[in-house]
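The values are calculated or read from the model by the stated rules, or taken from the named source; none is laboratory data. Computed from a predicted structure; not experimentally measured. Neighbour counts run over all protein chains shown; Cβ positions are idealised from the backbone, glycine included. Ligands, DNA and RNA are excluded from the accessible area calculation, which covers all protein heavy atoms including side chains. Shrake-Rupley method; radii C 1.70, N 1.55, O 1.52, S 1.80 Å.
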2 protein chains.
Amino acid sequence: MNKEKKATLIIKNIGQLITMSGPAPRIGEQMSDLGLIENGGIAVAGEEILYVGKSEKIEGQAELAEGCRVIDAKGMVVTPGLIDPHTHPVFSKTREKEFEMRTQGKTYMEIAESGGGIRSSVRDLRETEYVTLKEKTKERLDRFLSYGVTTLEAKSGYGLSLESEIKQLKIINELNETHILDLIPTFLGAHEVPDEYRSDRETYIDIIINEMIPAVVKDNLAEFCDIFTEDGVFTIEESRKIMQAAKDAGLKLKFHADELKSTGGGELAAELGSISADHLVYISNDGIKAMAKSGTVAVLLPGTTFSLSGKQYAPARKMIDEGVIVALSTDCNPGSSYSESLPIIISLAALQMKLTAAEAITAVTVNAAAAVDRVGKIGQLCEGMQADITVWNMADYRELPYHYGVNLVSQVIKKGKLAFGK
Amino acid sequence: MNKEKKATLIIKNIGQLITMSGPAPRIGEQMSDLGLIENGGIAVAGEEILYVGKSEKIEGQAELAEGCRVIDAKGMVVTPGLIDPHTHPVFSKTREKEFEMRTQGKTYMEIAESGGGIRSSVRDLRETEYVTLKEKTKERLDRFLSYGVTTLEAKSGYGLSLESEIKQLKIINELNETHILDLIPTFLGAHEVPDEYRSDRETYIDIIINEMIPAVVKDNLAEFCDIFTEDGVFTIEESRKIMQAAKDAGLKLKFHADELKSTGGGELAAELGSISADHLVYISNDGIKAMAKSGTVAVLLPGTTFSLSGKQYAPARKMIDEGVIVALSTDCNPGSSYSESLPIIISLAALQMKLTAAEAITAVTVNAAAAVDRVGKIGQLCEGMQADITVWNMADYRELPYHYGVNLVSQVIKKGKLAFGK
């Protein structure tokens, strides 16, 4: 223990302390190793973890700063703060009518014709005032936090014009400053071709490459660039062109890939050294092999399949067997998956993708850190790392997928501060 | 408005006030009628609803008692307090390891051999001290309340001996007295044949009929008697015998029927005038017709199919089309469905059973009242009825299934008192 720093927070008597210490990220059987310490304890100094180990060791050793907060986590589980690596949280209008049309058997075409679909969110984003959008997004961040998240990636992609994409990214960046959560901004101008360029997609691609990306990079508004690579959205060739330009401009890459069909998105993500490829319901065997080789993280989104009443989930077990780094996310968005709860995603991953509780927890901590390029900083509880910690009101970590649809979070600590609970 | 009573609570400016006024219970297309009032208001006097209508009317007319609480529900939805008509909340030991064995492909037999299954909950119930069981159950009731429930049915059935069945029922009755929720106790001694009578089931049936039922009735410990009618548990003939005895002793009836196979449980429930038959995944066409005719409520439990990774859900649409009264429940229990959230059940009903949001809300309010024989008392917001009210942090009731896995409850009012939220 670092003797020069005084503990400002200690958590003691932790029934199951899940440190995730060890390999980062984790593949294959490593995903089952939670670095679990029974009767564990954590000491935090400021924003940083000072000590992780057995509870009895902190009580005698840690020198406590004045006003040091002490949490007794007897019979409870403690994990790293969860990381959600794929969200679209900046919108105003919810789309519940469209959800009901879908469950009642209406087709995508009928929904689009009635004014639904992603274009409805584009209209909403463009029309809604900045301050309203920011307030609605903030409410969602508060809900993410209450379900145990301490960091989330947040995308633009409902603007689809220079001005309104920047509007979204500015909201994300401002909230990153003012909200206790950490947000990682991703530019997703290539989410769809907007109505005004439907008959001239080349021009829109040109705007993305020559106007939007430079503007985003100039003002440092995003860390990642993402694209929806899919039949009917952006082809593989268009995607390669856009993402190469993004990479050349200094942005890290993410892909929406192989969600509705196998189009080679996973392979392209691997080829371009993308940090992650997401969705992957229909990824090919070659795509799996390529991603395993390149170390591109597979961010799987079972909530989207669930919320679309889909039958087929991404082949998570196969990916794990083949050595792909697997992470999980809510895909929180107003169309295909409206939820801020990673715990329900963990239930879905267990029930529909056959992940164990340990694998699912790995997928929302250390592997999710890899999906946002933050390995070594967050997603693990190790000395010197950021003190992002979730305390759970359960005695065994396996309760997390099993006790479904409810909130078992007791407290959330963000950068050493109590951010949720008491 | 009753001028002699002063309002002790008013809720004003309600965006969507879902009264459920009108037919009770509701069948077929009636299930789509929420009795919705826009910009609604409710006045409550003591435990009773004084006025339901437009918001502008209460503000001038209702005479307010000193200290009258005023809730401004602008942009929010208000519904009757939810009713959960099928739960098994009295247990200590959770069974998360068994859940994981199941998702990892272990068979029912392998789980039973490793000490899992219902018998594990029977051992737990018998061994655990009364006060511990009561405390664990109370925690679950608090969670039910936080997800909008104001009344729930609660079963015994993990005791399977005179003494331990009564232990469970006493806990339920005591909590009904001390906890703000209303509990409706159900005797479920015929949940399974206990180990000690596996080779002599006739004797156990005799004990149920001649010892347990009389003891339960004598001390007024239960309002309902329930049974697990299924191949390998209690046959149709055994069920008829037990349930006829329960009926003769003055208990109302419920059945676990046609959950794993079509065995004629739905038909038997209808024949005996049972208040409800529950599960019904494999109900026959004849069973549906019989239930429609007898007015036996179908309590559907999609969370159980979900949590068992099942492919087949109860044929809800067919039942609605045929005029069966359909209700929904969590089936909260430590084996096949551990959740206290009716909202996640509503999401599952929409996604997997194709209920509309309106039908699902009907199924957890007025139709759930019918499943516990409380029509006219709860499940609707009408003058003179009990003031059990849930206020939701959403602008459109259709958000309830759509915004899944999170808690949108803002406040819960039980018998006119604020029981959750602020």
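The mean sequence separation of alpha-carbon pairs under 8 Å and at least six residues apart, normalised by the residue count of chain B, gives a relative contact order of 21 percent.
At the residue level, B:LEU152 shows approximately 0 square angstrom of accessible surface with a 1.4 angstrom probe and all protein chains present.
For chain A, the longest principal axis of the alpha carbon atoms and the long axis of helix A:285-294 meet at an angle near 50°.
Averaged over its residues, how many other protein chain Cβ atoms are within 10 Å of peptide B:401-414's Cβ atoms?
On the way: counts 5, 14, 11, 12, 20, 15, 7, 1, 0, 0, 0, 0, 0, 0.
Other-chain Cβ atoms within 10 Å of each residue's Cβ, averaged: 6.
With point charges of +1 on the Cβ of Lys and Arg and -1 on the Cβ of Asp and Glu, referenced to the Cα centre of region A:82-371, which listed residue (A:LEU342, A:ILE166, A:ALA358) lies farthest in the positive direction of the dipole? Ranked along the dipole, the leading option is A:ALA358. Translational diffusion coefficient of the protein assembly as shown (Stokes-Einstein, Kirkwood radius from Cα pairs, 37 °C, 0.692 mPa s): 117 µm²/s.
Rounded, prolate or oblate for chain A? Axes are the square roots of the Cα gyration tensor eigenvalues, ordered a ≥ b ≥ c, and the cut-off for rounded is a/c under 1.5.
Details: a/c = 1.78, a/b = 1.63, b/c = 1.09.
Here chain A falls in the prolate category.
Sorted from shortest to longest, the distances between the B:GLU110 label points of this copy and the other copies are 4.3 nm, with each point 7 Å from Cα along the line through the beta carbon. In nanometers and ordered shortest first, the copy-to-copy spacing of the B:GLU211 label point, defined 7 Å from Cα toward Cβ, is 8.4.
The angle separating the long axis of helix B:130-146 from the principal Cα axis of greatest extent in chain B is about 40 degrees. Under 5 Å between amide hydrogens, built in the peptide plane, is the criterion, and for A:PHE420 it picks out A:VAL412 among residues at least 5 positions away or on other chains. Inter-copy label distances for B:GLU163: 7.9 nm (label point placed 7 Å from Cα along Cα→Cβ; shortest first). Between the helical axis of A:162-178 and the longest alpha-carbon principal axis of chain A there is an angle of about 10 degrees.
Comparing Cα centroids, region A:390-415 and region A:58-108 end up 10 angstrom apart. In the elastic network of chain A, a GNM with C-alpha springs shorter than 10 Å, the most mobile of A:GLY105, A:GLY376, A:GLY116 is A:GLY105.
Protein chains only, probe 1.4 Å: how do A:TYR313, B:TYR204, B:TYR282 rank by accessible area, largest first?
I get B:TYR282, A:TYR313, B:TYR204, largest accessible area first.
What would the Debye formula give as log10 I(q)/I(0) at q = 0.17, 0.19 Å⁻¹ for the alpha-carbon point model of region A:1-158, no solvent? Taking Cα atoms of region A:1-158 as identical point scatterers yields -1.01, -1.14.
For a quick check of your reading of the filter: which trypsin sites (Lys or Arg not before Pro) in region B:113-209 sit in a DSSP loop and have no more than 16 other Cβ atoms within 10 Å? Within region B:113-209, the qualifying trypsin sites (Lys or Arg not before Pro) (loop, at most 16 other Cβ atoms within 10 Å) are B:ARG198. Which trypsin sites (Lys or Arg not before Pro) does region A:301-347 hold that lie in a coil by DSSP with at most 13 other beta carbons within 10 Å? Taking region A:301-347 and a limit of 13 other Cβ atoms within 10 Å, the loop trypsin sites (Lys or Arg not before Pro) found are A:LYS311.
Other residues lying with their Cβ under 14 Å from the Cβ of A:GLU38 contribute a combined charge of +2, Lys and Arg counting +1, Asp and Glu -1. For region B:193-265 versus region A:116-171, the spacing of their alpha-carbon centroids is 55 Å.
In order along region A:340-350, the phi-based Karplus estimate (6.51 cos²θ - 1.76 cosθ + 1.60, θ = phi - 60°) of 3J(HN,Hα) comes to 9, 9, 5, x, 5, 5, 5, 4, 5, 5, 5 Hz; Gly and Pro are listed as x. Taking region A:44-153 as the region of interest, the number of lysine pairs whose Cα atoms are within less than 16 Å, with members eight or more places apart or on different chains, is 6.
Of A:LYS218/A:LYS254; A:LYS289/A:LYS354; B:LYS167/B:LYS415; B:LYS261/B:LYS289, which sit over 22 Å apart, Cα to Cα? Spell out each step's value before the answer.
On the way: A:LYS218/A:LYS254 20 Å; A:LYS289/A:LYS354 20 Å; B:LYS167/B:LYS415 28 Å; B:LYS261/B:LYS289 18 Å.
Going by Cα-Cα distance, B:LYS167/B:LYS415 fall outside the 22 Å limit.
Remark: accessible area buried at the B-A interface is about 4100 Å², both chains counted, probe radius 1.4 Å.
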